[in-house]
Amino acid sequence: MPSDDLSGKNLFSENLFGEAERQLTICNSCRYCAGYCPVWPALELRTALEVQDITHLANLCHDCGDCLSACMYAPPHEFAVDPPSVFTEVRQDTYRRYIWPHRTPGGFATGVAFTVVGLVLALLSWLFTGRPFTVADTPGDPYEILPHTPLLIAVGVPSLWAAAMFGWATLRYWRDVHGPLADLFRLRVWLTTFTQAVQLRHMTGGDAGCEVPGRRGFHVVLLYGFGLCVVSTTAAAFLQNVLGAHPPYPWLSVPVISGSVGGIAMIVGGTGLWLRSGGSGFLWALIVLAASGMLTLLLRETVAFGPVLLLHVAAVVVAFGIAPYTKFVHGIFRTLSIHHDNLER
């Protein structure tokens with residue numbers, strides 16, 4: 001059952017609920033788009049729409065836009081059926097309802113946060129080492145610029161906060177749109193869900209492809225690039241904490257290779273999405289994170305290594321700190337809705 005405080009119409013705008021219900025009732029009567037994506041078969045299973053149903057359908061939608069292109073009742077028809085637009089509004093409402101505090105940082109706020117964090121890190125570097133603008137004795141050693149403990153705290157605190165917010169939002173969202181928490185551990189179904197999610201399979205619509213050319217491809221490149229950077233960080237942590245091998249690592253090592261390929265992929269994918277779909281504070285942070293990471297690697301034997309490293313760490317701190325309040329969180333809600341849909345099937 002949905003929670004009274006989060007899924008009621010008191011937080012889900014009456015106007016938005018009414019408009020979504022009106023349009024989806026027309027869609028459920030027409031059913032022309034039944035084969036386009038899982039949204040429409042899932043809609044057919046529902047005769048009376050509740051807030052949690054509309055929330056689930058909106059996050060199951062991958063915003064390919066094919067249904068709108070094919071709809072005979074789209075504007076300027078008097079029915080004015082526009083599912084992608086109303087689903088976008090519902091998803092934005094979802095972010096406000098399930099993430100605390102209910103705010104989304106803009107580009108200016110992200111820039112201010114990035115500047116402040118960068119200055120604080122530069123101050124810490126000067127206090128602890130006195131050498132943020134000199135060549136390290138061991139070229140490429142980050143701990144000669146910022147010692148391990150303050151570096152770990154700077155990156156760890158926002159990362160733990162983001163993980164806590166994501167976990168909290170996951171449980172609340174799942175409780176509302178599905179119910180039993182035990183179904184979160186259906187591993188066989190998760191195999192299908194994960195495959196569909198990482199391939200963005202449902203963004204292909206009725207086999208016509210996404211209405212925004214290249215969007216799906218750039219999205220996949222950015223996602224896989226981010227995954228490779230996670231692999232790089234994990235491998236570096238394993239080398240340091242388990243095998244006792246401290247940075248810098250050779251060019252032909254898992255952290256450097258995976259980080260380099262991942263960083264390039266993030267720059268390509270992020271820039272492509274920026275040009276195709278418009279920029280956002282979080283997308284900007286990801287591009288800066290990837291670009292500064294690549295510069296840190298390329299300039300690790302120069303006097304620029306210290307400032308660029310601090311720039312990169314600032315980008316990491318800001319990106320992870322604001323992640324729960326950006327569109328990044330849609331990946332969680334969308335994946336949960338895909339899993340819920342597969343369970344229903």
Express in whole angstrom the spacing between the alpha-carbon centres of the stretch 209-277 and the stretch 297-345. 10 Å
Could you check how much of the accessible area of the chain is carbon and sulfur, as a whole percent, using a 1.4 Å probe? 67 percent
If one compares the long axis through the Cα atoms of helix 107-128 with the longest principal axis of the Cα atoms of the chain, the angle in degrees, nearest 10, works out at 20 degrees
Report the label-to-label distance for LEU191 and VAL230 in nanometres (one decimal), using points 7 Å from each Cα along the Cα→Cβ vector. 2.0 nm
In deg cm²/dmol and to the nearest 500, what is the mean residue ellipticity at 222 nm of the chain if only DSSP H runs of at least 4 residues count, each as -39500 (n - 2.57), divided by the residue total? -21500 deg cm²/dmol
With Cα coordinates, the longest principal axis of the chain makes an angle with the long axis of helix 14-30, in degrees rounded to 10, of 60 degrees
Per residue, accessible area of the chain with a 1.4 Å probe, heavy atoms of protein chains only, in Å², comes to 48 Å²
Mean separation of Cα contacts under 8 Å (at least 6 apart) over the residue count of the chain, i.e. the relative contact order in percent, is 26 percent
Report P(r) for the chain: all Cα-Cα distances, bin width 20 Å, range 0 to the bin holding the largest distance, values in whole percent. 27, 52, 19, 1
Taking every other residue with Cβ under 12 Å from the Cβ of LEU43 and scoring Lys and Arg +1, Asp and Glu -1, one gets -3
With Cα springs under 10 Å, the Gaussian network model of the chain assigns the largest mean-square fluctuation among TYR95, TYR173, TYR143 to TYR143
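With every protein chain kept in the model, how would you rank SER29, SER258, SER277 by accessible area, 1.4 Å probe, largest at the top? Please report the intermediate quantities before stating the final value.
Details: SER29 95, SER258 15, SER277 65 Å².
If we order SER29, SER258, SER277 from most to least accessible, we get SER29, SER277, SER258.
Taking the Cβ of SER29 as the centre, find all other residues whose Cβ is under 12 Å away and add up their charges (Lys, Arg: +1; Asp, Glu: -1).
Surrounding charge for SER29 is +1.
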Normalised contact order of the stretch 259-314, rounded percent, pairs of Cα under 8 Å and 6 or more residues apart: 34 percent
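Where Lys and Arg each count +1 and Asp and Glu each count -1, what net charge lies around ALA169 among other residues with Cβ under 12 Å from its Cβ? Walk me through the numbers on the way to the answer.
Numbers: positive: ARG96, ARG97, ARG172, ARG175; negative: ASP176.
Net charge around ALA169: +3.
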Would you mind checking the tilt of helix 187-199 against the longest principal axis of the Cα atoms of the chain, expressed as 0 to 90 degrees and rounded to 10? 80 degrees
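The values are calculated or read from the model by the stated rules, or taken from the named source; none is laboratory data. These figures come from a predicted structure and were not determined experimentally. Reconstructed Cβ throughout: ideal geometry from the backbone, glycine too, with neighbour counts over all protein chains shown. In case anyone asks, the SASA skips ligands and DNA or RNA and just uses the protein heavy atoms, side chains included. Shrake-Rupley method; radii C 1.70, N 1.55, O 1.52, S 1.80 Å.
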